[in-house]
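Chemist: Mind looking over this structure? Questions follow.
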Amino acid sequence: MCKILYFSGNKNQIKLAFDFVDALVDASSNDPTYPKGATQHKDGFGYAIVGLTENKPNIHFFKSIKPIFKAGEEISQLKEVIKGLDYFSLSLHSRKVLEGSANIFNTHPYFFSSVKGFSFFLSHNGTLDKSKLQSLLEVNNMDNLSDTFLLGLIIEKNLNAIDSESVIPLFKEFTQYIESALNTITLFSDAQTDKTKVLLTNYYKKTPDYYKVYILRAPGLFAFTSSGVYHYIQERGIAQMEPLKNKSAFFIEDAFLQDTREVSLE
């Protein structure tokens with residue numbers, strides 16, 4: 001169980017982006033939407049930022065085992081990175097361990113690179129049937145690794161191209177392995193074009209108050225985040241967000257052009 005945030009924008013949205021980051025930090029410290037009562041997501045955090053500066057792409061990737069709400073210096077560094085970008089797409093994740101050990105390797109996002117000419121960062125909130133994922137990979141003795149890492153291996157193995165015709169059907173197949181939710185942020189980078197594509201999924205089978213995702217669409221920005229983060233966004237009057245329909249996804253052809261397309265995972 002985790003807190004996730006995707007935020008894409010430009011220099012005009014930097015303050016708003018920081019407000020969303022701060023809301024995730026606070027939701028990780030005290031999440032009132034957790035089904036068993038307010039809790040902390042304290043088992044590490046990480047982020048991936050894909051940005052453009054003077055039309056030149058760059059990537060920033062960071063992971064820490066620290067609780068995000070005790071990582072003030074690291075969050076300040078994240079904000080400094082965003083300040084230096086003309087356009088940016090941020091994937092931010094804080095972890096509460098259910099599957100796999102609490103260590104730096106299992107902290108999200110995971111990074112995968114494919115011989116097929118693309119790489120991707122993967123973050124996930126929810127649990128999948130780990131035994132079935134292991135069967136698909138024909139491996140065992142993976143107790144210390146998370147279900148999300150296994151999911152990333154399957155994506156790398158089976159995905160041949162990072163277009164919607166390839167990505168969406170593959171993620172539809174993954175829905176059969178859901179135990180609680182498949183709420184994901186995947187940033188894909190094309191080695192040939194340096195183009196960044198994004199897939200955002202929201203599919204839950206239980207606990208909607210916790211697993212529901214909220215979105216914000218406006219000129220030049222797109223945000224997608226967990227209900228716990230939305231709680232603080234709403235409480236502080238930061239932005240008006242709308243709930244994303246369950247079993248939905250967004251495929252974004254170009255992260256910096258905000259070319260978003262909503263699709264069904266059913």
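Each reported figure results from applying straightforward, stated rules to the coordinates on display, with no laboratory input. Just so it is clear, the structure is predicted and the values come from calculations on it, not from any experiment. With ideal geometry, Cβ positions are generated from the backbone for all residues, glycine too; neighbour counts draw on all protein chains shown.
Chemist: I'd like to know which of Leu136, Ser89, Thr33 lies farthest towards the positive end of the charge dipole of the range 30-154, counting +1 on Cβ of Lys and Arg and -1 on Cβ of Asp and Glu.
Modeler: Thr33
Chemist: Then there's this: Tell me, what are the semi-axes, in whole angstrom and largest first, of the equivalent ellipsoid of the range 181-266 as set by the roots of 5 times the Cα gyration tensor eigenvalues?
Modeler: On the way: eigenvalues 109, 56, 20 Å².
Those come to 23, 17, 10 Å.
Chemist: I would also like to ask the following. With no solvent and one point per C-alpha, what does the Debye sum give as log10 I(q)/I(0) for the range 3-148 at q = 0.14, 0.22 Å⁻¹?
Modeler: For the range 3-148 at q = 0.14, 0.22 Å⁻¹, log10 I(q)/I(0) is -0.72, -1.39.
Chemist: What is the extension gain from Gln176 to Arg217, computed as 0.36 nm multiplied by their sequence separation minus the C-alpha to C-alpha distance, in nm to one decimal?
Modeler: That pair, Gln176 and Arg217, stretches by 11.8 nm at full extension.
Chemist: Could you calculate the contour length gain from Ile59 to Lys157, that is, 0.36 nm times the residue separation minus the distance between their Cα atoms, to one decimal place in nm?
Modeler: So the extension gain works out to 33.0 nm.
Chemist: Within the range 1-94, list the trypsin sites (Lys or Arg not before Pro) lying in a DSSP loop whose Cβ has at most 12 other Cβ atoms in a 10 Å radius.
Modeler: Taking the range 1-94 and a limit of 12 other Cβ atoms within 10 Å, the loop trypsin sites (Lys or Arg not before Pro) found are Lys36.
Chemist: Send over the per residue convex hull volume for the chain, Cα only, as a whole number of Å³.
Modeler: Expressed per residue, the convex hull around the Cα atoms of the chain is 112 Å³.
Chemist: For the range 57-117, what is the convex hull volume of its Cα atoms per residue in Å³?
Modeler: Spelled out: Cα convex hull of the range 57-117, divided by residues, is 108 Å³.
Chemist: A further question follows. Given the options Ser76, Ser248, Ser123, which has the most mean-square fluctuation in a GNM of the chain, springs set between C-alpha atoms less than 10 angstrom apart?
Modeler: Ser76
Chemist: Explain nothing, just the number: dipole magnitude of the chain about its Cα centre with +1 on each Lys and Arg Cβ and -1 on each Asp and Glu Cβ, in debye rounded to the nearest 20.
Modeler: Here the chain has a charge dipole of around 400 debye.
Chemist: Would you compute, from DSSP H runs of 4+ residues alone, the mean residue ellipticity of the chain at 222 nm, taking -39500 (n - 2.57) per run and dividing by the full residue count, rounded to the nearest 500? Present the calculation step by step, with values, prior to reporting the outcome.
Modeler: Working: 7 runs with 72 residues, N = 266.
One gets -8000 deg cm²/dmol as the mean residue ellipticity at 222 nm.
Chemist: Give me the net charge of Ser135's neighbourhood, meaning all other residues with Cβ under 13 Å from the Cβ of Ser135; Lys, Arg count +1, Asp, Glu -1.
Modeler: -1
Chemist: Figure the gain on full extension for Val263 and Glu165 (residue separation times 0.36 nm, minus the Cα-Cα span) and round it to one decimal in nm.
Modeler: Taking 0.36 nm per residue and subtracting the Cα distance, the gain is 34.1 nm.
Chemist: Evaluate the charge dipole of the range 191-266 about its Cα centre and quote only its size in Debye, nearest 20, assuming +1 on the Cβ of each Lys and Arg and -1 on the Cβ of each Asp and Glu.
Modeler: 260 debye
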